[in-house]
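The values are calculated or read from the model by the stated rules, or taken from the named source; none is laboratory data. Treat the numbers as computed from the prediction; the structure is a model and nothing was measured. Quick reminder, even Gly has a Cβ in these numbers, built from the backbone with ideal geometry, and neighbours come from all protein chains shown. Areas reflect the complete protein model, heavy atoms only, side chains present, ligands, DNA and RNA absent. Shrake-Rupley method; radii C 1.70, N 1.55, O 1.52, S 1.80 Å.
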Amino acid sequence: MRLASTRHASPEVPFLEALLRGLAPDGGLYLPTSLPPIDPQVMASWRGLPISEIAVRVLGHLIGDEFDRDAFEALVRDAFDFPAPTVPLSHDLSVLELFHGPTLAFKDFGARFLARAFGHVLAARGGHATILVATSGDTGSAVALGFHGVPRVQVVVLYPAGKVSPFQEAQMATLGGNVTALRVPGTFDDCQRLVKQAFIDPSLDDLHLSSANSINIGRLLPQAVYYFASWLALGGPAAGDVVFAVPSGNLGNLTAGVIAQRIGLPVRRFLVACNLNDVLPEYLRTGRYRARPARPTISNAMDVGDPSNFPRLAELHGRSFDALRTNLTGVSVSEEDTRRAIRQAHDADRYVLDPHGAVAFAAALRARQDAGEPGPIVALATAHPAKFGEVIREELGRAPELPAAWRDWASRPLMAVDLESADYTTFRTRLR
Ligand SMILES: *Cc1c(COP(=O)(O)O)cnc(C)c1O
């Protein structure tokens, strides 16, 4: 696979180069220059395969030629070692559950693959890297767990003291080994400022800092896999064209879905399900892209005021507003409608949605009941409801329990390193 920058002012590079770089040198985002389709009959023959085998095939089609085959298959199987079931509900709606990974949220898919691919390149080329992440919770835990134990990689996660959940903190700060958790006396913005400054500090060159954030193409491609898995679970060719409702923030998940569609997955269109932070739905309605500060909501991983993957989406649709509007339907979901969707899924099917999945479910219900959308609609559920126990308790009267294997996390001993202050010199000393 060759990749070009969305700003068209950097040389094309192969996948593994784009993976190491993250951002293109011109500041743009890497995107494949061509996306050859998979033969429909071949795709149909994958019915019944576990997601790890679907991943071997989809990712093999895209980037397999840059790896040794056995190493590639082992790496992919190791990354996709948890299921992503599609659960049928009333109204011919389904929910694609993306929360069975180690941090109980869908970012595990991208982070686990990225980490293993990174380890692979470093082993092949020699060298080492330090992954620096600033987090308000979910990204940091997915990256920390994804990279934990990967040789040649050190991980440093910065998070604001007292502002992440005990579960998230435990998932970052109890791992040890190659993962260092820095607790910063300040806000998420302070954490981000420190990380940004480190990236432009020449005195840290020998650490080979890298970012692993959501703009890395290595986090995006593995997310195309579960769209295939869901279509196959619905019956493959027998299901016809599917509509996916994607709970969206930085639009990485949606971009991955469009990539799946471009390589042949039969998708009728996408519902871009946003909370109050609805920059893309507004753009699709008005033709005006209006970035603005994020507003806090109960689906907080989607509180994004200037979604970073927008240039990729525009490029994938030939920079045509009409093409975007035909393929993507924007849906803005209020806080009250999110809460109502949690109650509706529970009333109808005894199904418990987290607030992010509920935003997608609300969009799917609206498409079915108000717009009369025919055919299968799949709402993506991106987090386990137990991560948002408080909201669920408010709507359903009781909080869901964490799955048994996760229950002891919050009681593990923390090994976080406390920064004495949020100034850069203090931070830099701790990086050494
Ligand atoms: C990150 C996240 C999202 C938003 O995904 P994008 O790829 O940024 O659009 C949705 N739900 C959850 C639970 C998340 O963690």
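Both radii are taken from the alpha-carbon atoms of the chain; with Rh as the Kirkwood radius, Rg/Rh is 0.94. Taking θ as phi - 60° and the Karplus parameters 6.51, -1.76 and 1.60, the scalar couplings of segment 313-319 work out to 4, 4, 4, 5, 10, x, 6 Hz in sequence order, x denoting glycine and proline. Among Ala9, Pro32, His61, whose Cα projects farthest towards the positive end of the dipole of segment 2-123, with charges put on the beta-carbon of Lys, Arg (+1) and Asp, Glu (-1)? Final value for the positive-end residue is Ala9. Kirkwood Rh over alpha-carbon pairs of segment 185-331, then Stokes-Einstein at 10 °C and 1.306 mPa s: what D in µm² s⁻¹, rounded to an integer? The Stokes-Einstein estimate is 93 µm²/s. Note on segment 332-432: Rg/Rh from C-alpha atoms, Kirkwood Rh, equals 1.20. Between Val42 and Thr429, the C-beta separation translates, for a Förster distance of 41 Å, into a calculated FRET efficiency of about 0.15. Calculate the tail of P(r) for segment 143-266: the fraction of all Cα-Cα distances greater than 20 Å, expressed in %. Looking at segment 143-266, the distances longer than 20 Å represent 59 percent of pairs. Model label sites at Glu390 and Ser165, defined 7 Å from Cα along the beta-carbon direction, differ in position by 1.0 nm.
Only protein heavy atoms count here; under a 1.4 Å probe, His91 has an accessible surface of about 90 Å².
If I model segment 298-390 as equal point scatterers sitting on the Cα atoms and use the Debye formula, what is log10 I(q)/I(0) at q = 0.22 Å⁻¹? Relative scattering, expressed as log10 I(q)/I(0), comes to -1.18. Measuring only protein heavy atoms, the 1.4 Å probe finds Tyr227 accessible over about 0 Å².
Note on Arg319 and Asp81: the model spin-label points, each 7 Å out from Cα along the C-beta direction, lie 4.4 nm apart. Diffusion of segment 1-159 by Stokes-Einstein, at 4 °C in a medium of 1.567 mPa s and with Rh set to the Kirkwood radius over alpha-carbon pairs, works out to 75 µm²/s. Compute the signed sum of charges (Lys and Arg +1, Asp and Glu -1) over the other residues within less than 10 Å, Cβ to Cβ, of Ala381. Overall, the nearby charge balance is -2.
Segment 253-284 and segment 1-30 have Cα centres separated by 22 Å. Computed from the C-alpha gyration tensor, the three semi-axes of the ellipsoid equivalent to segment 245-349 are 23, 18, 11 Å, from longest to shortest. Taking Cβ atoms as reference points and 14 Å as the exclusive limit, the residues near Arg193 contribute a net charge of -2, counting Lys and Arg as +1 and Asp and Glu as -1.
Summarising the label geometry, the points placed 7 Å from Cα in the beta-carbon direction at Thr33 and Arg285 lie 4.0 nm from one another.
Within the full protein context, the accessible area of Glu66 is estimated at about 50 Å² for a probe radius of 1.4 Å. Hey, could you grab the Kirkwood Rh for segment 17-89? Inverse mean 1/r over distinct alpha carbon pairs, Å, one decimal. Hydrodynamic radius (Kirkwood, Cα pairs) of segment 17-89 is 14.5 Å. In summary, the lysines within cross-link reach of Lys196, defined as a Cα separation below 23 angstrom excluding same-chain residues under 8 places away, comprise Lys107, Lys163. Taking the three principal axes of the alpha carbon atoms in segment 7-58, the coordinate ranges are 43, 19, 13 Å, sorted in descending order. Here's how it looks for Ala379: its modeled amide H is under 5 Å from those of Ser94, Val95, Leu96, Ala245, which are all 5 or more places away or on a different chain.
The mean accessible area for residues of the chain, using a 1.4 Å probe and ignoring ligands and nucleic acids, is 39 Å² per residue. For segment 327-342, backbone phi angles converted through the Karplus equation (6.51, -1.76, 1.60; θ = phi - 60°) give residue-by-residue couplings of 8, 10, 10, x, 9, 9, 10, 6, 4, 5, 5, 5, 4, 4, 4, 4 Hz, Gly and Pro being listed as x. For the chain, with all protein chains in place and a probe radius of 1.4 Å, 51% of the accessible heavy-atom surface sits on carbon or sulfur. Over the chain, dividing the summed -39,500 (n - 2.57) contributions of all DSSP H runs of at least 4 residues by the number of residues returns a 222 nm mean residue ellipticity of -12000 deg cm²/dmol.
Ranked by accessible surface with a 1.4 Å probe, highest first, in what order do Ser411, Ser332 come?
Of Ser411, Ser332, the descending order of accessible area is Ser411, Ser332.
Of Asp322, Asp423, the residue with the largest accessible area leads and the full order is Asp322, Asp423 (1.4 Å probe).
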